[in-house]
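K.L.:
Here you go, one structure.
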Amino acid sequence: MGLVDKSRLARALGEERERFVLAHPRSAALSAAAHKNLLTGVPMAWMTRWPGSFPIFFSHAEGARVTDVDGLEYVDFALGDTGAMTGHARPFVTEAVGRQAARGITTMLPSQDSIWVGAELERRFGLPLWQFALTATDANRFALRMARYLTGRPKILVFDWCYHGSVDETLATVDEAGNTKRRGSNIGAQVDPALTTKVVQFNDLGALEAALAPGDVACVLAEPALTNIGIVLPDSGFLEGLRTITRDTGTLLIIDETHTICAGPGGATAAWRLEPDMLTIGKPIGGGVPTAAYGLSAELGSRLEECFRSEGVDVSGIGGTLAGNALAAAAMRAALRNALREEDFAVAIPLAERWTTGVAGVITEQGLPWTVQRLGCRAEYWFCDPPRNGKEAAAAIDSELEAWFHLFMLNRGVLMTPFHNMALLSSSHTSADVDLHTRLFAEGVDEILSR
Ligand SMILES: Cc1ncc(COP(=O)(O)O)c(C=O)c1O
């Protein structure tokens, strides 16, 4: 069986770090300058998570390519952590955005594009009524508020190691005794998440049933497959059980398709015929422009309309001045009309299959106890058997090995998402891009194995 030699790995990682610094003098200079006024040297803290001593600064991005300020070009499998799943700077988006920007962006008034977008979201996801937000985080936050209002129940339930954005109630984990705990990295929580949230393991219907039985949970907020602690697929029957138990206990089911849109044009909801009460989605639906949407059934919608008419939206804790702006609506219309369609997935999914076949071939050839997982056009390798839940997935993380592959790839012109080992394929990628990754993966493995 192939085994990683930890001392070779540490040495090789050191060499890659030196190589990185030498190759990126301009990014190094910008990074040093950025520290003067940007906390941690970046405009958003998790940009520090890129491998190497500093983040590379990008100059431009197009399709599945990113070029940095040192003039180096990368095949981009990170695609803005799904925000650019349509491909970067696609002309249909940039032209629509340019046109709308020249006609006005923020007016407090609806624009016509929003009507088209609402209809398209119904066609894709099945739910008839929609609202827009600026980010998936906000869409989730607003959906949770609606669910609590509609059910009159105080708590929500999420799966362990889920990620639904920086939504306070969801940044929780569960200990051995089943108690809800604050996620270690969640600083400054408003309240103890034990007051707001129940957490159970993905794929554990028994625990879910027990948690929902008291009838104090407004909704389950779930990705149909976990994607933020690596890809954790649902066991056969799990999602059906989730729907049955939520219905039986009067708990609303909110499906977050922000990442699982990788399963097809209507996400896992359409691909697996799920029947959520509400659905949230952000990231790629604006073709890279910040926007999000959340939808709900006609029955829930009619109850909310009454509320909004009587109390006024500005006191409902929902929405935002810039939500639903005309630029976002134009971007969504352009992106949903020209991308993330059947014909785009017909290119992207076979590329993801080629990616997993290539990686699996290397794993088998080297006799490694590793696996590769795929959901639609999203693919990921694990340094273990595929985990069945967030707890197993979190325990399987090997930060040093991850850093190795991320940096080894980056130094050779391939960008991977800086969290876990995920690659997103799009209709802008090519077979040659995938084969480059496979070749580098084989070389990267070869460098660190025991001889
Ligand atoms: C499933 C899911 N929902 C919501 C979000 C939040 O998205 P944003 O950071 O754009 O608000 C994320 C971010 O990774 C996500 O993966």
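The values are calculated or read from the model by the stated rules, or taken from the named source; none is laboratory data. All values derive from a computational prediction rather than experimental measurement. Positions of Cβ are generated from backbone atoms using ideal geometry, with glycine treated the same way; all protein chains shown enter the neighbour counts. Protein only, heavy atoms only, side chains kept; ligands, DNA and RNA dropped before computing areas. Shrake-Rupley method; radii C 1.70, N 1.55, O 1.52, S 1.80 Å.
K.L.:
Just to be sure before I move on: is ALA96 open to solvent by 60 Å² or more (accessible area, probe 1.4 Å), assigned to a helix (DSSP H, G or I) and farther than 30 Å from HIS437 by Cβ in the structure I sent?
P.N.:
no
K.L.:
When you scan region 178-191, do you find a residue that is under 18 Å from ARG153 (Cα atoms) and of a type in the set (A, V, I, L, M, F, W, C), even just one? Explain how you work it out, then say what you get.
P.N.:
Of region 178-191, the ones under 18 Å from ARG153 (Cα atoms) are 180, 191.
Then keep just the ones that are of a type in the set (A, V, I, L, M, F, W, C); that gives 191.
Yes.
K.L.:
Anything in region 280-319 that is away from the ligand (no atom under 16 Å from the Cβ), surrounded by fewer than 24 Cβ atoms within 10 Å (Cβ to Cβ), in contact (Cβ under 8 Å) with a residue 12 or more places away in the chain and not in a helix (DSSP H, G or I)? List them, or say none. Break it down stepwise before answering.
P.N.:
Applying the first criterion (away from the ligand (no atom under 16 Å from the Cβ)) to region 280-319 yields 296-317.
Adding the requirement that they be surrounded by fewer than 24 Cβ atoms within 10 Å (Cβ to Cβ) leaves 297-317.
Right, trim to in contact (Cβ under 8 Å) with a residue 12 or more places away in the chain and you get 297-298, 300-301, 303-304, 307, 316-317.
Answer for region 280-319, where residues must be away from the ligand (no atom under 16 Å from the Cβ), surrounded by fewer than 24 Cβ atoms within 10 Å (Cβ to Cβ), in contact (Cβ under 8 Å) with a residue 12 or more places away in the chain and not in a helix (DSSP H, G or I): SER297, SER316, GLY317.
K.L.:
Is one or more of the residues making up region 23-33 within 16 Å of the ligand (Cβ to nearest atom) and not in a helix (DSSP H, G or I)?
P.N.:
Checked region 23-33: no residue is within 16 Å of the ligand (Cβ to nearest atom) and not in a helix (DSSP H, G or I).
K.L.:
Confirm whether ALA268 is open to solvent by less than 10 Å² (accessible area, probe 1.4 Å) and in a strand (DSSP E or B).
P.N.:
Here the answer is no, as ALA268 does not meet what is asked.
K.L.:
Quick check on my filter: what residues within region 367-405 are touching a residue at least 24 places away in the same chain (Cβ under 8 Å), out of contact with any Asp or Glu (no Cβ under 6 Å at 6 or more places or on another chain) and either basic (Lys, Arg) or closer than 23 Å to SER431 by Cβ (or both)?
P.N.:
Residues satisfying the conditions are ARG374, LEU375, GLY376, CYS377, ARG378, ALA379, GLU380, TYR381, ARG388, PHE405.
K.L.:
Sticking with this structure for a sec: Got a sec? Which of TRP161, TRP116 is open to solvent by 30 Å² or more (accessible area, probe 1.4 Å) and either closer than 17 Å to LEU242 by Cα or within 16 Å of the ligand (Cβ to nearest atom) (or both)? Before you say what the answer is, go through the steps one by one.
P.N.:
Values: TRP116 fails: either closer than 17 Å to LEU242 by Cα or within 16 Å of the ligand (Cβ to nearest atom) (or both).
The unique qualifying residue is TRP161.
K.L.:
Take the residues of region 66-88 that are of a type in the set (Asp, Glu) and either in contact (Cβ under 8 Å) with a residue 60 or more places away in the chain or within 16 Å of the ligand (Cβ to nearest atom) (or both): which is surrounded by the fewest Cβ atoms within 10 Å (Cβ to Cβ)?
P.N.:
To start, the set of residues in region 66-88 that are of a type in the set (Asp, Glu) comprises 68, 70, 73, 76, 81.
This time we only want the ones that are either in contact (Cβ under 8 Å) with a residue 60 or more places away in the chain or within 16 Å of the ligand (Cβ to nearest atom) (or both), so: 73, 76, 81.
Values: GLU73: 13, ASP76: 28, ASP81: 18.
Ranking the candidates gives GLU73 first.
K.L.:
Something else now. Looking only at region 119-152, filter to residues that are over 30 Å from PRO214 (Cα atoms) and open to solvent by less than 20 Å² (accessible area, probe 1.4 Å); which one of those is nearest to the ligand (Cβ to nearest atom)?
P.N.:
ALA133
K.L.:
For region 175-232, which residues satisfy the criterion of being within 16 Å of the ligand (Cβ to nearest atom), assigned to a loop (DSSP other than H, G, I, E, B) and closer than 24 Å to MET278 by Cα?
P.N.:
PHE202, GLU223, PRO224, ALA225, THR227, ILE229, ILE231
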